[in-house]
Amino acid sequence: MLQWNRIAVGVLILLMGMPGFATAAESSAKNPLDPNLVNSVVTVVVFLCLLGVLYRFAWGPIQKSLKEREELQFKALEDARLAREEAAAMRKEIQSLMAKAHEDIRAMMEEARRDAEALRQREKEVGVKEAEAERERAKREIEAAKEVALSEIYQKAVDLATVMSAKAISRTITPEDHQRLLEESVAELVSTYPTRA
């Protein structure tokens, strides 16, 4: 490439000097503006050679670099279009994932509400069962207390009956008589006021 450049510069210098050679050959005192065939031909040849050299070493590379630049710009535009399409596809995918995540969250919240309601219901049932058990226990305790109270009442009634009968009879009762009277009184009270089980 460097050799071609040197040749081109040499040819260019030679061609640019040709009109000077042509005019030096005709060194007469002619008017420089008069038409001269040799001068015109040399000027045209120099111009055409200059155009050829410029086309080969200036315009060609300039056109090549402009074409490469244009191709790079078209490639950049195509890459930008592809990037926009990819970004749009990714945006749609992200929106889809976000919608799915919202649905999942909504489903989890609904499931948590159902679980909480079921837990409340179970706690309520356990509370009802515990209250029922407490009620039954209280009934048993009340019945036991009632039995104890009735037993004490029977004992007091027997004692009172014994005291009253002793005073009525005006005599002393022996312990054996006392026990017999007690058992009779208890049997009579039980038959008169039976206890509810």
Do you know which of the residues in segment 174-193 that are acidic (Asp, Glu) and surrounded by 14 or more Cβ atoms within 10 Å (Cβ to Cβ) is modelled with the lowest pLDDT?
Asp177
Unmet criterion (only one of (1) surrounded by 10 or more Cβ atoms within 10 Å (Cβ to Cβ); (2) among the hydrophobic types (A, V, I, L, M, F, W, C); (3) modelled with pLDDT under 70) for Ala29:
(1)
Examine segment 69-91 for a residue that is modelled with pLDDT of 85 or more, surrounded by 10 or more Cβ atoms within 10 Å (Cβ to Cβ) and closer than 30 Å to Ile7 by Cα, and state whether such a residue exists.
yes
Could you tell me whether any residue of segment 153-165 is in a helix (DSSP H, G or I), loosely packed, with under 10 Cβ neighbours inside 10 Å and at pLDDT below 80?
no
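The values are calculated or read from the model by the stated rules, or taken from the named source; none is laboratory data. Just so you know, these numbers come straight off a predicted model, no measurement behind them. Heads up, the Cβs are rebuilt from the backbone with ideal geometry, glycines too, and the neighbour counts pull from every protein chain shown.
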